[in-house]
Structure formats: C-alpha cells, structure tokens
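Every number here is computed from the coordinates shown, using simple stated rules; none is lab data. A quick note: this is a predicted structure, and the numbers were derived from the prediction, not measured. Because the Cβ atoms are built from the backbone with ideal geometry, glycine has one as well, and the counts that use them run over all protein chains shown.
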Amino acid sequence: MKITRVRIYRVTMPTTGGGFRRTTGFSPAENTSAIVLVDTDEGITGAGEVCPLGRHYMPGVFTEGAFAGLPVLAGMVLGADPFQTEKINREWDISFNGQNYIKTAIDMALWDIMGQATGRPVCELLGGRWEKPVPLYRSVHLFAEHEDTPEMWAKRCIDYRHQGYRHFQLKCGSEPDHDIAKAQACCAILEPGEKVLMDANCGWTLHGAIRVAQGCRDLPVIIEQPCLTWEENIAFRRHCALPVKLDESLHTTQDILRGFNEGAMDICCLKISRVGGLTKARRIRDLCVDLGLQVTADDMWGSEIVTAALAHFATSTPTKYVLNTTDLTDYVTTRTATGCPERQDGCITASTAPGLGVTPDMDVLGEPVAVVE
C-alpha cells in the first residue's frame with residue numbers, strides 16, 4: 001500500500017454558547033481546523049484533524065502554521081507505506097524539526113488507514129481495548145452574561161452534571177483567593193464519584209499557586225498546570241500535598257522523565273496535537289504507565305475526527321491509568337463527520353468500526369485549500 005494523495009481542508013470551529021469570559025487569556029471564540037484526507041493506491045482514505053488553539057495558549061502554535069507546514073509534510077509521505085508510522089515520524093523529525101502540532105493530522109490519518117486496512121479499530125492497534133468506558137471531564141467556564149461569583153461556578157458544575165458529566169475542570173489562574181472560593185463552592189456540591197480540577201493554564205505566579213495549595217489543602221481537588229515554567233512547577237510541588245496534573249509543560253518523553261524524577265506531577269495531560277500525533281502520544285503514554293503516572297487523553301481543540309481519535313487513545317489506555325478524556329464536539333458548533341462515539345453517562349468509549357470509525361462530511365469540508373499528489 002502506498003500514499004498517493006493528501007488533501008487539506010480549512011474548517012472554522014466556532015464555540016458553543018458564545019464567547020468565554022476571559023480568565024487566563026484563554027478565549028477561543030472561533031478557531032480553524034486543518035482536516036486532511038490521505039488517499040492510498042488501494043482505495044482507502046484516512047482522515048486526520050488538527051485545530052491549533054492560538055498563540056496565547058501554546059508557544060509557537062498558530063493556525064497559519066498548520067496550513068503552511070502540512071503541504072510540506074504531505075510531500076514527504078507521497079509514495080510511503082502508511083503502516084511505517086515510526087519511520088515516517090522519525091524522518092519528519094529529521095527534516096522538519098519541531099512544530100509537532102503540524103504533524104498531527106497526517107499521523108492521525110495514517111492510523112485511520114491502518115485500521116481500515118486491517119479491519120480493526122484504532123484502539124486495538126494502539127495497544128488493545130480496555131472495556132470500561134472512560135470518564136469525560138468538562139471544562140467549566142463563565143460566559144460574558146454570567147456573574148463571576150463562587151455560587152455561579154457551582155451552578156455551572158450542576159448544569160454540566162445534568163448533562164452527564166462528573167469531572168469538572170474549573171478554569172482558574174486569576175486571583176488566588178477568588179479561585180479558592182470558587183473551588184470551595186464547587187466542592188460543596190459534589191456528589192460521590194465526582195471530581196474537581198483547578199486548571200490555571202500556567203496563570204498563577206509561584207506564590208499565588210502556593211496560596212491556592214494552602215487554601216485548598218482540605219478540599220478534594222486536583223491542581224492542574226499551576227505555573228508557566230518547569231522551575232516554578234517543581235518548586236510549587238514542594239509546597240503542595242494535593243494531586244498535581246501537568247499539561248502545557250509536557251511535550252516529549254524527556255519531559256515525562258524530568259517531571260517524574262523531580263516529583264512534579266501525578267497526572268499527565270497528553271494532548272495529541274501538542275506531542276505530534278497518535279504515534280508519539282502512544283509512546284509517551286506507555287512511558288507514563290510504566291512509571292505509574294495517570295494520563296488524561298486530550299487535545300487542543302477540534303471536532304468529531306479529533307474526538308474519535310481521543311476516544312481510541314483513551315480506550316487503549318489501561319483503566320487504572322486513565323483519569324479522563326474529553327468530548328470536543330461539546331465545545332464547537334461545526335459537525336465535520338459522522339460515526340463519532342457519543343458520550344453516555346458522562347463517559348465515552350471508542351467505536352468498534354475499523355479505523356477511527358468516522359466518515360467526513362464532504363459538504364462541510366468543502367473544497368480543499370491544497371492538494372499534494
């Protein structure tokens with residue numbers, strides 16, 4: 001089997017519910033997905049997606065970078081065997097060093113091709129299907145019309161509980177005492193089996209993060225990415241007995257080893273686009289499991305194609321070591337494909353269909369912005 005053509009599409013991804021109230025500079029009012037279709041000489045087409053969330057969220061990541069880089073990467077895989085994912089990724093890293101997010105969509109499409117060609121869902125190729133459904137977390141934001149009070153944050157959690165969610169990720173990172181108050185309000189309404197995560201998105205200073213750890217020490221919360229730098233996060237952990245989850249700090253296997261050796265985290269958020277696709281995400285995930293670290297299967301943004309990939313990645317992670325994952329279709333209004341698994345009782349599991357199990361909606365994708373053949 002050989003790759004014969006790569007088509008690249010541009011699809012806007014407006015958020016549901018209007019604009020987010022700005023908390024840490026994170027306000028994805030409207031983003032753009034780069035969706036690729038990779039064709040082969042055996043008539044199998046794989047789909048992949050990357051939706052960069054913008055420069056404010058991850059250094060060096062921006063939408064136009066994806067559309068500039070994808071044709072270059074596509075030219076490098078023409079004539080290649082899509083089953084050679086490790087080889088392809090190593091060659092990409094030699095000739096196109098860095099910018100891992102750009103590599104994600106094509107890499108994802110290769111796994112879709114392999115699954116279709118073998119008649120297997122991607123989760124089985126990633127290591128096997130763990131039958132227990134994976135819990136979903138829901139990011140809790142306030143929209144412009146909401147009053148920013150602890151009571152409103154608790155109400156937002158209750159609203160998402162009614163939608164089936166049991167893991168609530170509070171967007172924090174502003175004023176530490178206010179973040180403590182809203183965590184207290186949200187923990188007060190928790191029911192058995194529910195979790196609260198306080199995600200600062202690098203927004204606290206070191207002393208602010210320590211203040212939060214002290215103020216929340218008796219609460220059942222997980223602290224997520226408190227500070228920007230490794231040095232701050234390592235120092236923070238010396239003052240915090242709560243579980244700590246790192247996100248933006250984690251890009252490579254070397255980052256996992258550094259965090260583990262420094263005792264900086266208990267949970268690793270692996271965003272497929274940030275690490276460079278499913279090939280690298282699997283490699284990093286397996287290291288986390290060997291080290292006894294839990295994993296959140298995640299990504300920056302996206303639609304049905306990314307969500308399906310996340311479901312396969314999460315479903316192939318041993319149940320003991322997967323904390324949760326996300327349903328990105330709940331955050332955007334655009335529907336790019338059919339066949340994406342749907343959440344049930346606050347959980348999700350991968351499709352049993354071959355590949356990713358999704359069929360792109362060509363009416364939504366429209367005409368390609370680039371074709372490489």
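Using a cut-off of 26 Å between Cα atoms, the listed pairs LYS271/LYS320; LYS87/LYS271; LYS103/LYS195; LYS87/LYS245; LYS2/LYS87 include LYS103/LYS195; LYS87/LYS245 as exceeding that distance. The loop-placed GluC sites (Glu not before Pro) in segment 31-99, going by DSSP, that have at most 15 neighbouring Cβ atoms within 10 Å of their Cβ come out as GLU42. Over the chain, with a Gaussian network built from C-alpha contacts below 10 Å, which listed residue (MET114, MET152, MET265) shows the highest mean-square fluctuation? Top of the fluctuation ranking is MET152.
Just the number, please: percent antiparallel of the DSSP beta bridges in the chain, rounded to the nearest 5. The antiparallel proportion sits near 50 percent. Comparing ILE267, ILE256, ILE44 in a Gaussian network model of the chain (Cα springs below 10 Å), the most mobile by mean-square fluctuation is ILE44. GNM remark for the chain: springs join alpha carbons under 10 Å apart, and the peak mean-square fluctuation among CYS240, CYS202, CYS123 falls on CYS240. In the chain, the calculated helix contribution to ellipticity at 222 nm averages -11000 deg cm²/dmol per residue, counting -39,500 (n - 2.57) for every DSSP H run with n ≥ 4. On full extension, the segment bounded by ASP363 and LEU219 gains 47.0 nm, given 0.36 nm per residue less the C-alpha separation.
Stretching the chain fully between ALA181 and ASP41 yields a gain of 44.5 nm (0.36 nm per residue, less the alpha carbon separation). Based on every Cα atom in the chain, Rg and the maximum pairwise Cα distance Dmax equal 19.9, 60 Å. For VAL196, the residues whose amide H sits under 5 Å from its own are PHE168, ILE222, ignoring neighbours fewer than 5 places away on the same chain, with H placed 1.01 Å from N.
Phi angles of segment 179-188 translate, via the Karplus equation with coefficients 6.51, -1.76, 1.60 and θ = phi - 60°, into HN-Hα couplings of 5, 4, 5, 6, 5, 4, 5, 6, 5, 5 Hz per residue; Gly and Pro are given as x.
With θ taken as phi - 60° and the Karplus curve 6.51 cos²θ - 1.76 cosθ + 1.60 applied, the whole-hertz 3J(HN,Hα) list for segment 32-49 is 10, 8, 9, 10, 10, 10, 9, 9, 10, 6, 9, x, 9, 10, x, 10, x, 8 Hz, x standing for glycine and proline. The separation of segment 240-254 from segment 303-338, counted between C-alpha centres, amounts to 20 Å. Shown here for segment 159-266: trypsin sites (Lys or Arg not before Pro) in loop regions (DSSP other than H, G, I, E, B) with at most 16 other Cβ atoms within 10 Å, namely ARG217, ARG238.
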